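The values are calculated or read from the model by the stated rules, or taken from the named source; none is laboratory data. Predicted model, so just to flag it, every value in this text is computed and none were measured. Cβ placement follows ideal geometry from the backbone for every residue including glycine, while neighbour counts extend to all protein chains displayed.
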Amino acid sequence: MHAIHPEDDIAPAEPHAESVEHTPLALILDELNQGGWPALLLERRLPEALAHAATLSPADRCAWLRGLHEVWQRHGWALTHEGKTSLLQLAAAWCAWPLAHAVGMSLQSEAPLEGPPALHLMSACRHLGDENAGIDLAIALQLAHPEEQTYANAHLELLAWQRWRERMPVIDGADWDDGELRLEPLAHHHLHDFAWQYYDPAIAELCCLPVFEDQAQWHSWLDGIYDAGDQRIFAVLHEGWGFVGCVSLILHETTGFFYYWIGPDFQGCGLGPRAVSLMLAMAQRDYGMRACYAKVYDYNAHSRRALEKLGFEELGICGVAPDDDQLFYRCGEQLPPEDMVDELHLLTARMGSDTRPAALLRATTGFRTLADER
């Protein structure tokens with residue numbers, strides 16, 4: 001499956017101008033902000049914004065998307081057909097799939113879409129997990145234009161994704177959402193959605209995840225997760241903003257271990273704990289998970305509070321040095337301390353985790369930590 005952008009790097013391209021404040025996109029954004037984002041001004045500036053779309057910095061993406069959403073929601077009716085088409089193209093270039101879908105459906109209601117706008121709408125359906133709508137559009141376009149191989153290729157890609165998705169054991173034909181958030185198995189076509197939110201180095205550091213050097217490394221990492229067979233990883237999709245982060249669960253028999261991250265644009269909104277709650281409820285309901293563990297750096301107060309709100313309890317167990325700044329948390333049915341420590345040791349061993357619990361069993365009085373031994 002092909003990513004929508006042709007860049008060679010995992011992250012969207014950074015501006016090459018000497019001063020970010022003076023790039024064309026920054027100047028256009030300033031003009032729109034000062035003018036209050038009027039629809040007619042946006043339409044006049046869309047061709048120039050499209051010409052420089054690849055220079056958008058990830059840190060500036062949210063400001064643009066909020067403005068574009070506001071224009072569409074308040075004054076979308078004032079845009080011409082050409083203006084809507086340009087807005088659809090810009091939304092697709094920046095992986096703003098809910099906006100691309102809304103604009104594409106509006107254009108489709110005016111006249112059947114063809115060419116790049118139709119392909120953008122199909123991409124929006126795929127990135128938002130709506131394979132049936134994408135496939136229906138691809139079929140209609142093939143019937144109307146049987147000589148056009150592009151639509152046939154898009155149809156084959158959608159069918160391949162649908163078959164892969166249906167083989168995922170976690171799906172079983174169901175959708176996991178709470179009305180605003182949706183969990184969708186992370187797939188190779190999410191490459192650039194992922195990159196737009198993963199640009200903050202703190203995410204890789206706090207979640208012990210790779211620093212990706214290129215697309216090939218990211219695809220290999222994702223293949224490795226699915227090849228292992230015991231990990232479920234999901235894109236967290238927001239109904240208005242699209243991809244906002246990831247949640248992942250490793251499950252060994254009835255014991256799980258999870259991590260999550262939310263991109264800088266959407267942190268502090270409670271989206272991470274909500275996505276985790278969806279995933280844990282699914283694991284308990286459909287896979288009989290009775291306990292789940294997590295680990296967090298002792299200085300990450302925000303994540304520690306989030307775990308506690310999710311019902312996780314700090315175990316008083318850290319990692320073996322040099323990972324003694326990582327703390328283990330647990331949620332689930334109660335166990336005697338000895339059994340809990342044994343369970344944690346077994347889980348981290350099966351995971352092949354580099355961080356092992358600094359706790360030893362003691363036959364007579366429960367367990368002691370390695371710190372107690374000093």
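Below is a table of values for the structure above.
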read-out: Complete set of residues in the range 307-331 that are in a helix (DSSP H, G or I) and surrounded by fewer than 19 Cβ atoms within 10 Å (Cβ to Cβ); value: E308, K309
read-out: Enumeration of residues in the range 321-356 that are within 17 Å of R304 (Cβ to Cβ) and either among the hydroxyl-bearing types (S, T, Y) or touching a His at 6+ places or on another chain (Cβ under 6 Å) (or both); value: Y329, T355
read-out: Some residue of the range 329-337 being of a type in the set (S, T, N, Q) and at pLDDT 90 or above; value: no
read-out: Filter result for R285 (buried (at least 21 other Cβ atoms within 10 Å of the Cβ), assigned by TED's automatic domain parsing to the domain that holds L181 and either of a type in the set (K, R) or over 19 Å from the mean Cα position of the chain (by Cα) (or both)); value: no
read-out: Search result, residues across the range 95-117 that are buried (at least 23 other Cβ atoms within 10 Å of the Cβ) and either aromatic (F, W, Y) or at pLDDT below 95 (or both); value: W97
read-out: Some residue of the range 130-150 being hydroxyl-bearing (S, T, Y), part of a helix (DSSP H, G or I) and crowded, with 17+ Cβ neighbours inside 10 Å; value: no
read-out: Residue check for G224: in the same structural domain as R330 (by TED's automatic domain parsing) and part of a strand (DSSP E or B); value: no
read-out: Failed item in (1) assigned by TED's automatic domain parsing to the domain that holds W196; (2) modelled with pLDDT of 95 or more; (3) of a type in the set (A, V, I, L, M, F, W, C), with L183 passing the rest; value: (2)
read-out: Odd one out for G272, checked against (1) at pLDDT 95 or above; (2) within 30 Å of W72 (Cα to Cα); value: (1)
read-out: S123 in contact with a helix residue (DSSP H, G or I) (Cβ under 8 Å, 6 or more places away or on another chain), polar (S, T, N, Q) and on the phi < 0 side of the Ramachandran plot; value: yes
read-out: Sole exception among (1) modelled with pLDDT under 90; (2) under 22 Å from the mean Cα position of the chain (by Cα) for E147, by number; value: (2)
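Each row is one residue, and each column tells you yes or no for (1) free of Cβ contacts under 8 Å to residues at least 12 places away in the same chain; (2) closer than 21 Å to L191 by Cα.
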site	(1), (2)
Q231	no, yes
G240	no, yes
H252	no, no
T255	no, no
C269	yes, no
R304	no, no
